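No lab work stands behind these numbers, since they all come straight from the coordinates. Predicted, not measured: the structure shown is a model, and the values here were computed from it. Methodologically, a virtual Cβ is constructed for each residue, glycine included, from the backbone with ideal geometry; neighbour enumeration extends over all protein chains shown.
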Amino acid sequence: MPRPTNLQAMVEGAIAEVFAAALPGLRAEIVRRTVDKLQGLTAQSEGSESLLSAASSIQDTVSQAEILRRLLEGAAQLAGRAALFVVKGKSIAGWLALGFADNESVKSFTLNTVAGLVAQAIQGRMPADGPAADFDAGFAASVGSPADGDCLVVPLVVRQKVAAIIYADAGTTAAGTLDSSGLKLLTRFAALWIELTSLRKAGGPEDPSVATSTVPVASSAPAAPAMSAADAEVHNKARRFAKLLVEEIKLYNGPKVAEGRQSGDLYARLKDDIEKSRATYDKRYAETPAADADHFTEELVRVLADNDASLMGAGFPR
């Protein structure tokens, strides 16, 4: 019988293997549900379209710096002014800003992490809101206070650590707005995307054959009858949502995609993920004008099979 110390090491190793195998799938499911939530918000407010667009933009890239840049661009669509500060050890330095009279000046600020909204957001790893002066007195004095006097601070939490914070306010005019809920959700989505891209990189060099790309689809079919602007917009939203779902499948399952292309059995290898995502898509669009076209299947063929439906293999529902 193994010694207690050896037995403990064996048990710990076995548990580690189980968690290593399960964790990526759990993260993928979280992202899928987050995307579904983002899409669901589009029916509730005009700002939600900006939120979905920003999430789609984030998912189009895998560079952490570019993810942060697109996060800030999305934040600027949801707020009057937005700035991103990067956490480096015990220091928090300005990185990029949009909507300010002098966006470049934000880069010269190093924030106080001991007290105020910054400390509250970092220590609690939760969004904090309150008077802009409580964010950083020097920052507020330099850039000017927002018209309503308040701001929102949202931490970007990656693997339980705050990697950056977003400062946002409604701007210096009375007509300015701040979508706090949308900004919190977008920041969480960006954090999840950073974690997923890190998982992919940890798996080894990416196979060029499964790199994310946008391939134009040529068609010789007759032109479809003209549709109303409202229906066309529903189709556009459905197409974007389908693209988000399918690219998430591809991101997590790079090796399977490469093997499935070679063997011509993509659907068999990815059936569980495909059908879960299809259910998510149908839940949102099966009863809308977008049901006239199968955008989800189109994206499966375009993204996973590089526009060659035969690579999906037998049993692929058409």
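What the table below lists for this structure:
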item	result
Selection count, the stretch 78-97, where residues are surrounded by fewer than 17 Cβ atoms within 10 Å (Cβ to Cβ) and free of Cβ contacts under 8 Å to residues at least 60 places away in the same chain	5
Residues (assigned to a loop (DSSP other than H, G, I, E, B) and crowded, with 16+ Cβ neighbours inside 10 Å) located in the stretch 98-111	Gly99, Phe100, Phe109, Leu111
Members of the stretch 292-318 that are among the charged types (D, E, K, R) and surrounded by 15 or more Cβ atoms within 10 Å (Cβ to Cβ)	Asp294, Glu298, Glu299, Arg302
The listed residue being touching a residue at least 24 places away in the same chain (Cβ under 8 Å), in a helix (DSSP H, G or I) and out of contact with any Leu (no Cβ under 7 Å at 6 or more places or on another chain), out of Glu299, Glu259, Glu233, Glu275	Glu299
For Gly99: the one exception among (1) under 16 Å from the mean Cα position of the chain (by Cα); (2) under 19 Å from Thr173 (Cβ atoms)	(1)
